[in-house]
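A short worksheet on the structure shown next.
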Amino acid sequence: MFCSDEFIRPPRGTIEAMSFIARYYAPSIFMRCGCDAKRRMANFLMNNAIQVTNLRRVYKSYVGVFRRKLKEVEAVKGISFEVAAGELFGILGPNGAGKTTTVKMLTTLLLPTSGTATILGHDVVRDVSALRPRIGFIFGGERGLYWRLSGMDNLKYFSSLYQIDPAVQAKRIPYLLELVGLKERANEKVEGYSRGMKQRLHIARTLLNDPEVMFLDEPSIGLDPVAARDIRRVVRDLRDEKKTILLTTHYMFEADELCKRIAVINKGEIVALDTPANLKRVVQDLSVVELEVKMFTPDALERLKGLPFVDAVTVQEREQNSLVIVQSPRGAEAVSELLAQLNGATVQKVTVREPTLEDAYVRLVEGMDETKKEGAGSK
Amino acid sequence: MHQLITNLKLFWQGAALSYVALFSWLRPTTFLASMIIFPLGQILFFTLLGIFATGRDSASFYLIGNAMQITASAGIFGVTMAIGGERWAGTLMYLFGAPANRLTIFAGRATIHIFNGVVQVLMGLAWGLVLGWVSFAHTDPLALGITILIATFSTAALGLLLGCLGLVTLNIMFINNLVYFLLLLFSGANLPITALPQWMQYISWSLPLTRGIAAARFIVDGASLAEVAPLLVGEFFIGVGYLVAGYVLFRIFEIEAKRRGTLEAF
Amino acid sequence: MFLKYLYAIFAAFKMNFLSLVVDGFFIFATLLMPLIYALIAFGILRDKGAHYGIFVAVGSGLAGLWTTLLFGSGNAITGERWSGTLELIAATPTPMWMIVFGKSLGVILQSLLSMVASYLLGWLVFGYPLGIAQPLEFFLVLFIGLLSFIAFGLMLAPLFLLNPQVQQFQNALEYPVYILCGFLFPIALLPFWTTPLSYILSPYWTARLLQAAAGGTLAWEQLVNESIYILALGGVYILIASVLFRIVLKKARVDATLGLQ
């Protein structure tokens, strides 16, 4: 058939675009091309910056000391989604859900086991050299910077490796330092920076080559609330500059606040993909009962989960007590029955409230786990 | 009695753990590199240099010296890393906080490297036999075995001391390498002790390996265990001395660290 | 375009040099270790007579150069892995081999000190006459030899990329090169089948020319012929290195070995 690499790059300019359509789209209507030409065409017409199709990644590792056994872990189990140009798209999921693996595949650092992904029309496996100058990425945490160098020198070094003209560097680096609020401390060594500052320096680093698509993998992980707020401010600024951004996080409010659409991912699969408002609708028929309990036991948890009107239970351990969060359609009416199941434990406080995105997330992630356990197709 | 059993258990656990660590570290390629190519490289280099300088007759002098010196790679690098790894993994604080006897844990970890060191020396000597640079026709194998064991023990004891130093100093690889190469220079592996200036000879005799190498040369030439006994006893006590020094140093660091509250700084 | 690559190489060079001059391990490798080798070699070769002084000084200096290069280029990659920047620099448009080349230049600059150090040792401590008979030729060969030397180290760097446990390989590769390149004793001592191996190592030719230039026996014809050969070998090394880097980086994307898992 006629799917070749030549079509992977999106057309530039009107004439090229028209000839592209003529050569490509027209035959596909008549000949019903079986390959993914249509998808690519749709991709082009809808102006998608990121297109992911059935992306899958298996890690192989050896376990054991003497008799080494091959162990396979399927970190990402065939996910598909697309991100429009200029969109801020969120991937939300618990630790180990496959978020970082996904980002690494999209940023050409890791080869997918199967499936395809294109960024700005470049295939992430084949068109590496064309793609890399057009994207930027950061991984959460403090690593990825030269601690012995100053913030300024870090940026200078990376921009040299990105082969940015020294004259351009001289303008862009101060501008970026200003943007992320590090202007005053640019000449101090990075080892003296706070986590938040390091993270902002990371963001400045990814912006060096003025990327069209940015991948921010848990940029606010491990930051205190103020520093995390600063990061969100910078991300919002970037969104307003119409950068395409893929943001992963496990903080619901962050996704809620920033993202236009969110994919909730758990155990390598997308369990929901929608706008924050629509995701919240998953739990709109529910109420949330929060119980502050002393001496909460695993038995009690099992009993609560066993109740027919209880949809999901999560427990947060605190210093003094446990916060038990119960989702149930009955809301306030369920309280007395819930308390009855906690015989013996001291309940210090009961709150009934409206569900948040976090509750939607808990339900999506937990719901999936439970259908797995039951082995049934639906819940 | 109970105390003894607990300590034995700790010792065993330490040994087992570093055994596991050693072998996951020694993947086939890595094994080849560290157990065969590196020792052979050192032996060949210095023995050939010796042959170039003073002729083929001197080959056995350099071969025995360097084969014995190889034990320092296990004794110094292996042992310090087994202990110093604690600091890198950030688990030192927990170890200080634990009620267990730390020296027992460390000694357990060092044991496997003594075994490893002995194997490397034997392999080094075997290379010499294959290359025809040494003959064991007049050698008492038992005496040679005991000599290798004692020399390895005292070198590992020095490694233990360095490992304890490594717990508190920043660049342990610097110290390790320095000591390794000082041993190469002072232990008589390559330069006869008597050829060194007087002040260097004092250093030589206070280091492990010096007596062990001397004894090994005598034994290969046909001396009996009784004849080299003074050297071996000296070598053994040098090892004990370093072991005690390591322990004392470690206790001082521990107490100081607790007193000043600088444990986190490790 | 070409200029941009030069900028990138220079940035890598500067960056690595600045971080090395304060590294304790490196100070050891560049200054103390060659001195210890030189001490041992001076000691062993003492009976050979004073005219071996310059031979030992050049040889142990080159040995120190190789060790620093070996550990320098390996550690450059391991260091990037530890600081989490390996993935980041792998994703820049500058080819990895150029970055490592730049970093190696930084290593070389520092380890030139090791040659000076062993030279001074022989002169001041052992009192050997260490005049360089043909200084112009000597420094010309040194310059060419160093470039080729770096290229040689570059071939090994992909290995270090692939395997996070590089230390063992570094240790193992130290002595074989000393031996095969005839730094401190002639390769005539080795079995005949190793001679071709020596011939394809550019440090062997560099050592030969440097020894000759120092001793005043270097003919112009030999200088030209062997210098061209050294440069040609360097070119081949770079070619091999760039291919190896490409293969290894591809493999790293399959196995996920660039990060620190």
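The values are calculated or read from the model by the stated rules, or taken from the named source; none is laboratory data. In this text the structure is predicted, and so the values were computed from the model without any measurement. Note that we place each Cβ from the backbone using ideal geometry, even for glycine, and neighbour counts take in every protein chain shown.
Here B:I252 passes the criteria (1) under 19 Å from B:G159 (Cα atoms); (2) over 13 Å from the mean Cα position of the chain (by Cα); (3) surrounded by 13 or more Cβ atoms within 10 Å (Cβ to Cβ) except the one numbered (3). Note on segment B:125-162: residues that are outside any helix (DSSP H, G or I) and under 30 Å from B:F253 (Cα atoms) amount to 0.
The single condition among (1) at pLDDT 90 or above; (2) assigned to a helix (DSSP H, G or I); (3) among the hydrophobic types (A, V, I, L, M, F, W, C) that A:A42 does not meet is (1). Does A:L92 satisfy the criteria of being in contact with a Gly (Cβ under 9 Å, 6 or more places away or on another chain), closer than 30 Å to A:D359 by Cβ and either among the aliphatic types (A, V, I, L, M) or modelled with pLDDT of 85 or more (or both)? Considered against the rule, which asks whether it is in contact with a Gly (Cβ under 9 Å, 6 or more places away or on another chain), closer than 30 Å to A:D359 by Cβ and either among the aliphatic types (A, V, I, L, M) or modelled with pLDDT of 85 or more (or both), A:L92 comes out as no.
Can you work out which of the residues in segment A:182-192 that are away from chain C (no Cβ under 14 Å) and not small (G, A, S) is nearest to A:V234 (Cα to Cα)?
A:L182
Evaluate the following for A:K242: is it under 21 Å from the mean Cα position of the chain (by Cα) and modelled with pLDDT under 90?
Judged against the criteria, A:K242 is a match.
Annotation: of all residues in segment C:26-42 being buried (at least 18 other Cβ atoms within 10 Å of the Cβ) and without any contact (Cβ under 8 Å) to a residue 24 or more places away in the chain, the one that is farthest from C:A76 (Cα to Cα) is C:I40. All of B:I105, B:I146 fail the test of being buried (at least 20 other Cβ atoms within 10 Å of the Cβ) and either modelled with pLDDT of 90 or more or β-branched (V, I, T) (or both), apart from B:I105.
Out of contact with any Cys (no Cβ under 9 Å at 6 or more places or on another chain), part of a helix (DSSP H, G or I), more than 13 Å from every other protein chain (Cβ to nearest Cβ) and at pLDDT below 85: which single residue out of B:A74, B:A82 fits that description? Answer to the check: B:A82.
Surrounded by fewer than 23 Cβ atoms within 10 Å (Cβ to Cβ), at pLDDT 85 or above and farther than 20 Å from A:S80 by Cα, is that true of A:S150? Considered against the rule, which asks whether it is surrounded by fewer than 23 Cβ atoms within 10 Å (Cβ to Cβ), at pLDDT 85 or above and farther than 20 Å from A:S80 by Cα, A:S150 comes out as yes.
Selection within segment B:31-47: residues that are out of contact with any Phe, Trp or Tyr (no Cβ under 8 Å at 6 or more places or on another chain) and within 7 Å of chain C (Cβ to nearest Cβ). The member of this set that is nearest to C:E174 (Cα to Cα) is B:I37. Residue-level check: of (1) closer than 24 Å to B:L142 by Cα; (2) modelled with pLDDT of 90 or more; (3) of a type outside the set (D, E, K, R); (4) touching a Leu at 6+ places or on another chain (Cβ under 8 Å), B:Y242 misses just (1). Against the condition modelled with pLDDT under 85 and closer than 25 Å to A:L273 by Cα, how does A:E254 come out, does it pass? In short, yes. For segment A:174-283, the helices (runs of 4 or more DSSP H) that sit wholly inside it and include 1 or more residues that are farther than 28 Å from A:L364 by Cβ and in contact with an Asp or Glu (Cβ under 6 Å, 6 or more places away or on another chain) are A:195-206.
Could you tell me which of the residues A:G86, A:G93 is away from chain C (no Cβ under 14 Å) and closer than 24 Å to A:R363 by Cα?
A:G93
Of the numbered conditions (1) modelled with pLDDT of 85 or more; (2) outside any strand (DSSP E or B), A:T118 fails exactly one; give the number of that condition. All conditions are met except number (2).
Restricting attention to segment A:328-356, the residues that are more than 17 Å from A:D299 (Cβ to Cβ) and either in a loop (DSSP other than H, G, I, E, B) or in contact with a Pro (Cβ under 7 Å, 6 or more places away or on another chain) (or both) total 5. Of all residues in segment C:211-225, those that are on the phi > 0 side of the Ramachandran plot have Cβ atoms under 8 Å from Cβ atoms of residues that are small (G, A, S), 6 or more apart or on another chain, in C:G216/C:A133. Need the failing condition index for C:F101 against (1) within 14 Å of chain A (Cβ to nearest Cβ); (2) in contact with a Lys or Arg (Cβ under 8 Å, 6 or more places away or on another chain); (3) not polar (S, T, N, Q), just the number. Result: C:F101 passes all but (2). So in segment C:224-252, with the set limited to residues that are within 14 Å of chain A (Cβ to nearest Cβ) and under 15 Å from C:P95 (Cβ atoms), which one is surrounded by the fewest Cβ atoms within 10 Å (Cβ to Cβ)? By that ranking, first place goes to C:I247.
What are the residues in segment C:167-189 that are among the hydrophobic types (A, V, I, L, M, F, W, C) and over 16 Å from the mean Cα position of the chain (by Cα), if any?
C:F185, C:I187, C:A188, C:L189, listed by residue number.
If only residues of segment A:122-181 that are among the basic types (K, R) and touching a helix residue (DSSP H, G or I) at 6+ places or on another chain (Cβ under 8 Å) are counted, the one that is nearest to the other protein chains (Cβ to nearest Cβ) is A:R143. Screening the candidates C:G59, C:G49, C:G72, C:G53 for the property of being away from every other protein chain (no Cβ under 12 Å) and over 22 Å from C:F169 (Cβ atoms) yields one hit, C:G53. The residue of segment A:96-115 that is modelled with the lowest pLDDT, among those that are assigned to a loop (DSSP other than H, G, I, E, B) and more than 8 Å from chain C (Cβ to nearest Cβ), is A:G96. Take the conditions under 22 Å from the mean Cα position of the chain (by Cα) and either surrounded by 19 or more Cβ atoms within 10 Å (Cβ to Cβ) or not assigned by TED's automatic domain parsing to the domain that holds A:S220 (or both) and apply them to A:R132. Does it pass? When the stated conditions are applied, A:R132 passes them. Can you confirm whether C:A213 is within 14 Å of another protein chain (Cβ to nearest Cβ) and closer than 29 Å to C:R46 by Cα? Answer is no for this residue.
One residue stands out among those in segment C:3-24 that are surrounded by fewer than 18 Cβ atoms within 10 Å (Cβ to Cβ) and over 17 Å from C:V100 (Cα atoms): the one that is farthest from the other protein chains (Cβ to nearest Cβ), which is C:V21.
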